[in-house]
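The values are calculated or read from the model by the stated rules, or taken from the named source; none is laboratory data. These figures come from a predicted structure and were not determined experimentally. Methodologically, a virtual Cβ is constructed for each residue, glycine included, from the backbone with ideal geometry; neighbour enumeration extends over all protein chains shown. Surface areas here come from the heavy atoms of the whole protein model, side chains and all, with no ligands, DNA or RNA. Shrake-Rupley method; radii C 1.70, N 1.55, O 1.52, S 1.80 Å.
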Amino acid sequence: METIAGKNIIIGVTGGIAAYKTLILARLFINNEAILKVVMTKAAESFIGPLSFQAISGSKIGLDILDPVFDSGMDHIELARDADLIIIAPATANTIAKIAHGFSDNLLTSIILASTSPVMICPAMNNNMWANQATIDNINILKKRGVHVCGPAYGELACSDSGAGRMEEPEFIFEDSLRLLSENDFSDTRFLISAGPTQEPIDPVRYITNRSSGKMGYELARAARIRGAEVTLVSGPTNLPGPVGVEMINIRTAKEMSDAIKKKFTDCDICIMAAAVGDYRSQKQSEQKIKKDMDVLNINFEKNPDILLGLGKQKGDKFLVGFAAETQDLIKNATKKLFKKNLNMIVANDVSRTDAGFQTNTNQVHILTEKTAIKLPLMSKFRAAHGILNSIKAMRNE
Ligand code: PMT
């Protein structure tokens, strides 16, 4: 799922200090062209004015089940029916208890009771309230019923305590919700993806590396997770936050990446090596910082193991995808790697371009298999990731 344009989202706001952050969440859905309706409880109105949500969503806010303008008798039933996703953020202990026990004493709880749509709750409360057995039981009831619980996060709370009870950040909630809006066409599929550069140390302060930012591999992990997969991302050093819901393994050197990949490979269904693994490492790593006494410094490099080549030899029925970063003879060189490394697919990247390959937010790739060659146009790395996943899906379904 590349876009949520046109999806019907209901955000329910209940009475918590985090309600102001829900404005940002609402904005994220609007910016992504979803159709948004906001419903507020009476308590929520004590924390934030309905007009703020009205200004962002562009439509009247649902406040009361007997509101003659918003809810002309049965509109809440229609709303409940049309929703692709209902998110309650923040979700207080009180509203959680009500929906766990089937109450319908306000517009929001009535919508939840009347709906068969996916529901996501983002709890926000005092840490003792969250730890109370009553809340634990209510959350378990909701989880068993298929309600998705996002958070709470750990940190400083409004009541000046600190612990588990903070509402997750709006960006995190938005990202987490995308999986509930997708077709989940990769559910029950385990991905192992590598991303980023490796760093090969020379002395305690110096290393050789390459220009990979990790963006391509992270977007692949993100897209696969949104589409329902279980994803492990083995990443070299990058400045990127780990994608929501993805298991992260952070490594530094090619040897560490090799160890991490080998450990996880047996458990995966699909492995995509998007990392720019250092081909060579310094033969010796000086224990002390190398002094600048010499005019010429010679360093001997030795070859790192080719991780992908090794995986190709033991792949069995796993689906193995490599990337090829080339500055010349793109298709010819990538095709050579496809066969030499015994891959199901290789993604060819012309890294001499300024709008594709290393560090850019866009990419233009060729997806090559033994029988097919597809050239995707220049697009965001997120869309390119979906294009690659679409090709994997098509080939696995053949
Ligand atoms: O991270 P970004 O800034 O977003 O940039 C994305 C990218 C350009 C790094 C990415 O799209 C890409 O092309 N990754 C592969 C880079 C690379 O190392 O290509 P290669 O042609 O040298 O290697 C071929 C394949 O073998 C790759 O899948 C690589 O992960 C793998 N390999 C390489 C060397 C090695 N020792 N072990 C390996 O497994």
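Considering only residues in the stretch 348-361 that are hydrophobic (A, V, I, L, M, F, W, C) and either crowded, with 21+ Cβ neighbours inside 10 Å or under 16 Å from residue 197 (Cα atoms) (or both), the one that is farthest from the ligand (Cβ to nearest atom) turns out to be 348.
The single residue among 375, 393, 371 that is open to solvent by 20 Å² or more (accessible area, probe 1.4 Å), more than 10 Å from the ligand (Cβ to nearest atom) and in contact with a His (Cβ under 8 Å, 6 or more places away or on another chain) turns out to be 375. Would you confirm, using the coordinates I've provided, whether residue 100 is surrounded by 23 or more Cβ atoms within 10 Å (Cβ to Cβ) and either assigned by TED's automatic domain parsing to the domain that holds residue 19 or in contact (Cβ under 8 Å) with a residue 24 or more places away in the chain (or both)? Against the criterion (surrounded by 23 or more Cβ atoms within 10 Å (Cβ to Cβ) and either assigned by TED's automatic domain parsing to the domain that holds residue 19 or in contact (Cβ under 8 Å) with a residue 24 or more places away in the chain (or both)), residue 100 does not qualify. For first residues located in the stretch 377-396 and assigned by TED's automatic domain parsing to the domain that holds residue 224, partners that are open to solvent by 60 Å² or more (accessible area, probe 1.4 Å) and in a helix (DSSP H, G or I) and lie 6+ apart or on another chain with Cβ distances below 7 Å do not occur.
When restricted to residues that are among the polar types (S, T, N, Q), open to solvent by less than 90 Å² (accessible area, probe 1.4 Å) and more than 9 Å from the ligand (Cβ to nearest atom), the stretch 290-347 contains 3.
Please verify whether residue 109 is in a helix (DSSP H, G or I), open to solvent by less than 30 Å² (accessible area, probe 1.4 Å) and closer than 30 Å to residue 33 by Cα, treating the condition exactly as stated. Here the answer is yes, as residue 109 does meet what is asked. Report whether or not residue 331 is without any contact (Cβ under 8 Å) to a residue 24 or more places away in the chain and either touching a helix residue (DSSP H, G or I) at 6+ places or on another chain (Cβ under 9 Å) or over 15 Å from residue 194 (Cβ atoms) (or both). Spelling it out, it is not the case that residue 331 is without any contact (Cβ under 8 Å) to a residue 24 or more places away in the chain and either touching a helix residue (DSSP H, G or I) at 6+ places or on another chain (Cβ under 9 Å) or over 15 Å from residue 194 (Cβ atoms) (or both). Only residues that are open to solvent by less than 20 Å² (accessible area, probe 1.4 Å), more than 11 Å from the ligand (Cβ to nearest atom) and closer than 23 Å to residue 256 by Cβ: list them for the stretch 208-231, please. Within the stretch 208-231, 221, 224, 231 qualify.
On the stretch given as the stretch 247-289, residues that are away from the ligand (no atom under 16 Å from the Cβ) and of a type in the set (A, V, I, L, M, F, W, C) total 0. Check the stretch 167-183 and report whether any residue there is at positive phi and either β-branched (Val, Ile, Thr) or at pLDDT 95 or above (or both). Among the residues of the stretch 167-183, not one is at positive phi and either β-branched (Val, Ile, Thr) or at pLDDT 95 or above (or both), which makes the answer no.
Does residue 202 meet the test of being more than 30 Å from residue 7 (Cβ to Cβ), away from the ligand (no atom under 16 Å from the Cβ) and aliphatic (A, V, I, L, M)? So residue 202 passes the test. Taking the stretch 139-239 as the region of interest, the strands (runs of 3 or more DSSP E) fully inside it that hold 1 or more residues being free of Cβ contacts under 8 Å to residues at least 60 places away in the same chain, β-branched (Val, Ile, Thr) and not assigned by TED's automatic domain parsing to the domain that holds residue 122 are 230-235. Scanning the stretch 16-32 for residues that are in a helix (DSSP H, G or I) and under 15 Å from residue 5 (Cα atoms) gives 26, 27, 28, 29, 30, 31.
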